[in-house]
Amino acid sequence: MQLTEILSSEHRVIESVIAALDVAADRLEAGETLRPGFFHDAARFIRDFADGYHHAKEEGALFEALAGNGMPMDSGPVGMMLYEHEQARELTAGLGDAANRWAAGDARVAHTVVDYARAYAELLTQHIYKEDNILFPMAARVIPPQAQDRVLEEARRIEAEQAGRGSKDSYLDLARAMCDEMGVDPEAPPRRAVELPCHAR
């Protein structure tokens, strides 16, 4: 198995949480009562799994291997993915802060929770599409077959380092629980359409 296969399977988990986040944002905007900790759980999943487990492997293993085989880290596809990872971190921090304030009783911040949830979902939907359909096939061509095992081993080392945040299985369980809470089928295709700029198609 190649690292990109593992990363793609993790994308499906992240997409299921995005779907639950979208439903929660719709319900909150409509004035429905939601469990106050839902968005806090979403921010924790994003921070510790989507970024901690997933993006860490991309940056420390896959992107480094691409750089070692001639692809620049500060421009081109890898540079764009790194930039979007930073954007995602900023949105996650904003979502977590707004969710904490809303859970603490500040009803005025509900619209801010919705805005951050939708902005993150939009960014990651586009980001995942670009990785699955552009960057990962590119990696299969650029990284020599004999180097794939080393890339996978480095990813496993990085993942082991992340275990202090909680086991990977615990975040997969959290994703399923969030989907159940919002009535989302975690196996369903993403509900968000992907709109890429013409130059990226």
Integer Hz, Karplus 6.51/-1.76/1.60 couplings in order for the stretch 148-165, x for Gly and Pro = 4, 5, 5, 4, 5, 5, 5, 4, 5, 5, 5, 4, 4, 5, 7, 4, x, 6
Pair Arg35, Asp149: separation of 7 Å Cα→Cβ label points (nm) = 4.4
With the Cα gyration tensor of the stretch 29-120 giving a ≥ b ≥ c as the square roots of its eigenvalues, does the rule (a/c under 1.5 for rounded; else a/b larger than b/c for prolate; else oblate) give rounded, prolate or oblate?
-> prolate
Compute the convex hull volume of the Cα atoms of the chain, divide it by the residue count, and report the result per residue in Å³ as a whole number.
-> 118
Sparsely packed GluC sites (Glu not before Pro) within the stretch 1-35, loop by DSSP, other Cβ within 10 Å at most 10 = Glu32
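When the dipole is taken about the Cα centre of the chain, and only Lys, Arg (+1) and Asp, Glu (-1) are charged at their Cβ, what size is it in debye, to the nearest 20? Could the numbers behind the result be given before it?
Values: 21 positive and 35 negative charges, 14 e Å.
The dipole of the chain has a size of about 60 debye.
Leaving out ligands, DNA and RNA, and with a 1.4 Å probe, what % of the accessible surface on the chain is carbon or sulfur?
Working: 5060 of 9760 Å².
C and S fraction of accessible area: 52 percent.
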Taking a ≥ b ≥ c as the square roots of the eigenvalues of the Cα gyration tensor, with a/c under 1.5 meaning rounded and otherwise prolate when a/b exceeds b/c and oblate if not, the stretch 102-175 is oblate
Note, ³J(HN,Hα) from phi for the stretch 23-36, Karplus 6.51, -1.76, 1.60, rounded to Hz, x at Gly and Pro = 4, 4, 5, 4, 5, 5, 5, 7, x, 6, 7, 10, 4, x
Could you give the nm distance between label points at Asp115 and Arg101, where each point is 7 Å from its Cα heading toward the beta carbon?
-> 1.0
Regression test value, accessible area per residue of the stretch 42-170, probe 1.4 Å, units Å², expected 46
Given R₀ = 30 Å, FRET efficiency for Ile134-Ala160 by Cβ-Cβ distance, to 0.05?
-> 0.55
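If a/c stays under 1.5 just call it rounded; otherwise compare a/b with b/c (prolate if a/b is bigger, oblate if not). Do that for the stretch 56-95, with a ≥ b ≥ c from the square roots of the Cα gyration tensor eigenvalues. The partial results should precede the final answer.
On the way: a/c = 4.92, a/b = 2.05, b/c = 2.41.
Note, shape of the stretch 56-95 comes out oblate.
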Residue (of Leu82, Ala121, Ala24) at the positive-pole extreme of the stretch 1-131, dipole from beta-carbon charges = Ala24
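The values are calculated or read from the model by the stated rules, or taken from the named source; none is laboratory data. None of these values were measured; they are calculated from a predicted model. Glycine gets a Cβ as well: all are built from the backbone with ideal geometry, and neighbour counts include every protein chain shown. Side chains included, ligands, DNA and RNA excluded: accessible areas come from the protein's heavy atoms. Shrake-Rupley method; radii C 1.70, N 1.55, O 1.52, S 1.80 Å.
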